[in-house]
Amino acid sequence: MLPIETIRNNPETVEKRLNSKGETIAISEILKIDTLYRKQMGEANDLRALRNKVSDEIAEAKRAGEDSNDSIQAMRKVSQQIKDLEEKTQSSKTELDGHLLNLPNLPHESVPIGTNEKDNPLVREWGESPKHKFKPKNHLELGESLGLFDFERSAKISGSGFPLYTGKGAKLERALINFMLDTQTEQHGYTEIFPPFLVRSESAITTGQLPKFAEDMYPSEKDGLWLIPTAEVPVTNIHRDEILVEDQLPINYAAYSACFRREAGSYGKDTRGFLRLHQFNKVELVKFVKPENSYAELETLVTHAEKILQLLGLKYRVIELCTGDLSFSAAKCYDIELWAPGEQKWLEVSSCSNFEDFQARRGNIRFRKSSDKKVNFVHTLNGSGVATPRLLVSLLETYQNKDGSISIPKVLQSYMGATVLD
């Protein structure tokens, strides 16, 4: 959430930066509501001060045996005025908070200006394209011939977009998850978390999914809960409404979860196989850091996600998102894309974002400085470390052999107990 003070003090700058994110926001309307809210608050406070002053005078008059009925009657009217103003003030505050909750985060000044993904600059590329001496198959052809998954039966069970992993495919999925968790906890020092997969509305508000993106989430309306679109949601809320000690920071968590997304806006996009799903698995990396360190931590976070792909020997590239391609909550973001030789295209497997204090303000996540004991909001970051569906696509298509078998990358062989899928 953007602090209202930032909007009051720099309305033109805020509007310009939001416009660069592709948002058309009526900042003047927000300021109008804010002005009314502060006016009502001021009037109510003035009346409370008057009531307190006259109440003291009434008490003094009673002690002196003087009649104070007129003053008592007048204060009853004032009390009703205060009550009416409190109701109006609360209504204005609710309206103002509703506007603020739907305001996106401001892009960091270093983010390149652009309209969409075509304007995203390439940061770096790693690895080489596999040199197959045959026409590579796509992941659907490979997986079906090896019995790794069954989309026909999964559609019977749940509908499209819900994968059914079978046999060695299920084992490979589990191996990837365990390998990623082990790498992040043992090599990079993350604390492993296994979070709930359903959350309250307050948790989804903290991370920015609600109220704006309710259409993209799966609700459990009877219980007032939501299936998580990413482990970022429960993990970020671990420290909601807490004041952390400065020496605790940075806090680094790695969490596996299933992820559930309705993909309401995916009409017309490629939804074959694992390319776009309603349910998928992901290892998420979440950081709570001091504000002055957050952009250095973002660069580190990206390298931690990259390490997974390097160990697997997969070709990838890092893209910096332009303003028009940034997510609602992100101030700056890098995407990591894998090369899929069977699909002959790049597939996004990770987004690594710095939210600055945007989520922390929504979730009231703070820390106390050791030097002056002042309380400030932390900065939160998260990144996919990584999502498995498109990782599986790239892995199968990269390591396929002419006979249709799949060579297992060395780092996964101990998890699989094999060197080849056939």
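The values are calculated or read from the model by the stated rules, or taken from the named source; none is laboratory data. Everything numeric here is computed off the predicted structure, so don't read it as measured data. FYI the Cβ positions are ideal-geometry reconstructions off the backbone, even for glycines, and counts take in every protein chain you see. Protein only, heavy atoms only, side chains kept; ligands, DNA and RNA dropped before computing areas. Shrake-Rupley method; radii C 1.70, N 1.55, O 1.52, S 1.80 Å.
Residues that are touching a helix residue (DSSP H, G or I) at 6+ places or on another chain (Cβ under 8 Å), open to solvent by 60 Å² or more (accessible area, probe 1.4 Å), assigned to a loop (DSSP other than H, G, I, E, B) and on the phi < 0 side of the Ramachandran plot: does segment 251-263 have at least one?
Filtering segment 251-263 down to residues touching a helix residue (DSSP H, G or I) at 6+ places or on another chain (Cβ under 8 Å) leaves 251, 253-257, 261-263.
From what is left, the residues that are open to solvent by 60 Å² or more (accessible area, probe 1.4 Å) are 261-262.
Filter once more, keeping what is assigned to a loop (DSSP other than H, G, I, E, B): 261-262.
From what's left, on the phi < 0 side of the Ramachandran plot: 261-262.
So far as segment 251-263 goes, yes, one or more of its residues are touching a helix residue (DSSP H, G or I) at 6+ places or on another chain (Cβ under 8 Å), open to solvent by 60 Å² or more (accessible area, probe 1.4 Å), assigned to a loop (DSSP other than H, G, I, E, B) and on the phi < 0 side of the Ramachandran plot.
How many residues are touching a residue at least 12 places away in the same chain (Cβ under 8 Å) and among the small types (Gly, Ala, Ser) if we restrict to segment 1-51?
Qualifying residue count, segment 1-51: 4.
From the residues in segment 203-250 that are assigned to a strand (DSSP E or B) and in contact (Cβ under 8 Å) with a residue 40 or more places away in the chain, which one is least open to solvent (accessible area, probe 1.4 Å)?
Step one: filter segment 203-250 for residues assigned to a strand (DSSP E or B), giving 219-220, 225-227, 243-245.
Those left that are additionally in contact (Cβ under 8 Å) with a residue 40 or more places away in the chain: 243-245.
Details: Ile243: 73, Leu244: 6, Val245: 78 Å².
Step by step, filter segment 203-250, then rank; the result is Leu244.
Does Ser110 satisfy the condition of being in a helix (DSSP H, G or I), over 25 Å from Leu210 (Cβ atoms), of a type in the set (Ser, Thr, Tyr) and open to solvent by less than 90 Å² (accessible area, probe 1.4 Å)?
On the way: in a helix (DSSP H, G or I): no; over 25 Å from Leu210 (Cβ atoms): yes; of a type in the set (Ser, Thr, Tyr): yes; open to solvent by less than 90 Å² (accessible area, probe 1.4 Å): yes.
Spelling it out, it is not the case that Ser110 is in a helix (DSSP H, G or I), over 25 Å from Leu210 (Cβ atoms), of a type in the set (Ser, Thr, Tyr) and open to solvent by less than 90 Å² (accessible area, probe 1.4 Å).
Scanning for something in contact with a strand residue (DSSP E or B) (Cβ under 8 Å, 6 or more places away or on another chain) and open to solvent by 70 Å² or more (accessible area, probe 1.4 Å), does segment 159-180 turn up at least one residue?
Among the residues of segment 159-180, at least one is in contact with a strand residue (DSSP E or B) (Cβ under 8 Å, 6 or more places away or on another chain) and open to solvent by 70 Å² or more (accessible area, probe 1.4 Å), which makes the answer yes.
Can you pull out every residue in segment 9-44 that is touching a helix residue (DSSP H, G or I) at 6+ places or on another chain (Cβ under 8 Å), of a type outside the set (A, V, I, L, M), surrounded by 15 or more Cβ atoms within 10 Å (Cβ to Cβ) and farther than 18 Å from Ser327 by Cβ?
Glu15, Asp34, Tyr37, Gln40, Glu43
Within segment 52-59, is even one residue open to solvent by less than 70 Å² (accessible area, probe 1.4 Å) and within 30 Å of Thr206 (Cβ to Cβ)?
Our first condition is that a residue be open to solvent by less than 70 Å² (accessible area, probe 1.4 Å); within segment 52-59, this holds for 54-55, 58-59.
Now drop any that are not within 30 Å of Thr206 (Cβ to Cβ), which leaves none.
For segment 52-59, residues open to solvent by less than 70 Å² (accessible area, probe 1.4 Å) and within 30 Å of Thr206 (Cβ to Cβ): absent.
Are any residues in segment 403-414 small (Gly, Ala, Ser) and in a helix (DSSP H, G or I), and if so, which ones? First the steps, then the outcome.
Here is the first cut: in segment 403-414, the residues small (Gly, Ala, Ser) are 404-405, 407, 414.
Within segment 403-414, just Ser414 meets the criteria.
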